[in-house]
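For reference, the structure is listed below as structure tokens.
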Amino acid sequence: MTTQLDRVEYLHRLKLWAGAGAWEPLLHQEVPDGDWFMWLMEAGRGAGKTATASHYVQRHLDGPPCISQAVPHRVALIAPTLGDAIESAALTDMALTRLNPDAKFTQQAGGSMVRWPGGSQVRLFGTHSREDVERLRAGGNRCLVWAEELATWRYLDEAWKQMMFGLRLGPSPRVIATTTPKARPVYKALREQADIVTHATTLDNPNLNQAQKDRLMELYAGTSIGLQELQGQMVDEAEGALWTYELIETGRMDQPDSVGRTVVAVDPPGGVTEAGIIVACLLPSCPCGGARPPHFGVLYDASGKLSPEAWGARTVEMYYTYQADRVLGENNFGGDMVEAVIRQADPDVSYANVRASRGKRLRAEPIKALYEQGRVHHLTPLPELEEEMVQWVPDQSEWSPNRVDALVWALTDLSGRKTRTKLQGWQTDATLRKQAGV
């Protein structure tokens, strides 16, 4: 039985669909001419990437059949996570289901998909885990792929290969890839394969709130993150940075079933900078093999531009969410301020102050060595942390890398290097390993 809510939703979609039929793309949203195989649209936040791809897919689904009359088209929408794919397919105002009132989003044993009028199918995939990649392998063949936020696919190399193996239906298989660019080696290689690369910036979309665009430009114009996220330009690794994307990529893997000792490290913000909040753990039995144990996992980056009350509450939230053993707070310039903020949020948290007796480079280089040894693994997508890692040049950067600082504190503690803390005193590598059960 159709409910009033169903009818309201249907009318809303009908209105959007009617407008979509007369959709006039902006200059940067126009489909390129020619017989191309891969169109890569690099653009800043809010430039209209999703609208561009949705309307292109809609036009394809409404066009001449690629396969048969029963199922004219089989399309794949692949995103960083399955949730992201569902959002692009069914939740945003420019989602596929909003462009045709008779399109139906379904979730069933065979996976999530949009069923288009006439029998065409758009299957939805994520790229967050190895299991997601396997679903791509078993997800059937297709005539068109929409690769959403391509540069942020976690298992980019493996997922792209499985996508390509299945892209072989119809007279002219194609890929439309939309993304904010990232200077990852695999992405840069894929970018070279594109037949057409187009660009757009946040400012190119006249439908965005002008006051917010002005605010964003005031905050981030002239910065590397502004170039990337607003201008849609690729910001490469800084010359002299300790870390490279290649070094980070080699240690990327899924989170194992169990982890060892876990800590939350917080580096308080100075002025208008961010508070660095990083969750990391020991990996008593690392499935990657190779380098000698112990191995370490980076679980989550909860950093952000937050008030003291907010970063204190978020740190405590991470402590309980990940069942951490301790919170580590850097207190060089804040005295006991960090501990006071944490205690105000929760007086029962296990907490230790850490104080830097050496410069940032000297603290960071031993942690970089752990990456080079293949002993540090990023277990979840950490784009902001990784961007900071490849942009920070010790002794040259004018900004303080709070995310990197928190990462260094966490891995220094977990690796058992001698660290003076208010609660621990001097601890040896062997003692910490024994405590962690490694």
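The values are calculated or read from the model by the stated rules, or taken from the named source; none is laboratory data. Computed from a predicted structure; not experimentally measured. No Cβ is skipped: glycine too gets one built from the backbone with ideal geometry, and neighbour counts run over all protein chains shown.
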Task: Condition check for residue 284: in the same structural domain as residue 385 (by TED's automatic domain parsing) and exposed (fewer than 15 other Cβ atoms within 10 Å of the Cβ) - done: no
Open item on the list: Can you list the helices (runs of 4 or more DSSP H) lying wholly within the range 162-269 that have 2 or more residues being at pLDDT below 90 and closer than 23 Å to residue 125 by Cα?
Closed with: 185-193
- [ ] Looking only at the range 95-104, decide whether some residue is over 25 Å from residue 182 (Cα atoms), touching a Ser or Thr at 6+ places or on another chain (Cβ under 9 Å) and not in a helix (DSSP H, G or I).
- [x] yes
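Can you say whether residue 384 is acidic (Asp, Glu), at pLDDT 85 or above and closer than 19 Å to residue 275 by Cα, as far as the supplied structure shows? Even if it seems obvious, please write down each step before you answer.
Values: acidic (Asp, Glu): yes; at pLDDT 85 or above: yes; closer than 19 Å to residue 275 by Cα: yes.
So residue 384 passes the test.
Results for (1) under 25 Å from the mean Cα position of the chain (by Cα); (2) under 28 Å from residue 129 (Cβ atoms), shown as yes or no for each residue.
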{"residue": "70", "(1), (2)": "no, no"}
{"residue": "79", "(1), (2)": "yes, yes"}
{"residue": "94", "(1), (2)": "yes, yes"}
{"residue": "106", "(1), (2)": "no, yes"}
TODO: Quickly run through the range 94-123 and pick out the residues that are hydrophobic (A, V, I, L, M, F, W, C) and loosely packed, with under 15 Cβ neighbours inside 10 Å.
DONE: 109
Task: Filtered residues of the range 384-402 (kept if under 25 Å from the mean Cα position of the chain (by Cα), surrounded by fewer than 17 Cβ atoms within 10 Å (Cβ to Cβ) and not polar (S, T, N, Q)) - done: 384, 393, 399
TODO: Show the residue pairs that are 6+ apart or on different chains and have beta-carbon atoms under 8 Å apart, the first residue being within the range 308-324 and on the phi > 0 side of the Ramachandran plot, the second being buried (at least 18 other Cβ atoms within 10 Å of the Cβ).
DONE: 323/262
Open item on the list: It is to be established whether one or more residues within the range 257-270 are within 26 Å of residue 40 (Cβ to Cβ) and either over 20 Å from the mean Cα position of the chain (by Cα) or of a type in the set (D, E, K, R) (or both).
Closed with: no
- [ ] For the range 28-44, name all the residues that are over 20 Å from residue 181 (Cα atoms) and loosely packed, with under 15 Cβ neighbours inside 10 Å.
- [x] 33, 34, 35
Open item on the list: I'm told residue 87 meets every condition in (1) without any contact (Cβ under 8 Å) to a residue 24 or more places away in the chain; (2) not in a helix (DSSP H, G or I) except one. Can you identify the failing condition by its number?
Closed with: (2)
Task: Residues satisfying the stated conditions in the range 310-364, i.e. loosely packed, with under 13 Cβ neighbours inside 10 Å and within 25 Å of the chain's Cα centre (by Cα) - done: 320, 323
- [ ] Of the conditions (1) of a type in the set (A, V, I, L, M, F, W, C); (2) at pLDDT below 50; (3) over 17 Å from residue 325 (Cβ atoms), residue 423 clears all except one; give me its number.
- [x] (3)
TODO: Could you check, for the range 75-82, whether at least one of its residues is under 30 Å from residue 217 (Cα atoms), in contact (Cβ under 8 Å) with a residue 24 or more places away in the chain, touching a strand residue (DSSP E or B) at 6+ places or on another chain (Cβ under 7 Å) and assigned by TED's automatic domain parsing to the domain that holds residue 122?
DONE: yes
Open item on the list: Please go through the range 60-74 and give me each residue that is closer than 11 Å to residue 169 by Cβ, touching a Ser or Thr at 6+ places or on another chain (Cβ under 7 Å) and either modelled with pLDDT under 90 or among the hydrophobic types (A, V, I, L, M, F, W, C) (or both), ordered by number.
Closed with: 71
Task: helices (runs of 4 or more DSSP H) (entirely within the range 286-380) containing at least 1 residues that are touching a strand residue (DSSP E or B) at 6+ places or on another chain (Cβ under 9 Å) and among the hydroxyl-bearing types (Ser, Thr, Tyr) - done: 308-321
Open item on the list: Checking residue 202 against (1) crowded, with 21+ Cβ neighbours inside 10 Å; (2) not assigned by TED's automatic domain parsing to the domain that holds residue 176: exactly one of these is not met. Which one?
Closed with: (2)
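Do you know which residues across the range 173-209 are of a type in the set (Asp, Glu) and closer than 21 Å to residue 37 by Cα?
192, 195
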Task: Scan of the range 129-150 for residues that are modelled with pLDDT of 90 or more and under 21 Å from residue 37 (Cβ atoms), ordered by number - done: 136, 141, 142, 143, 144, 145, 146, 147, 148, 149, 150
Task: Unique match (being charged (D, E, K, R), within 24 Å of residue 230 (Cβ to Cβ) and in contact with a strand residue (DSSP E or B) (Cβ under 8 Å, 6 or more places away or on another chain)) among 184, 191, 174 - done: 191
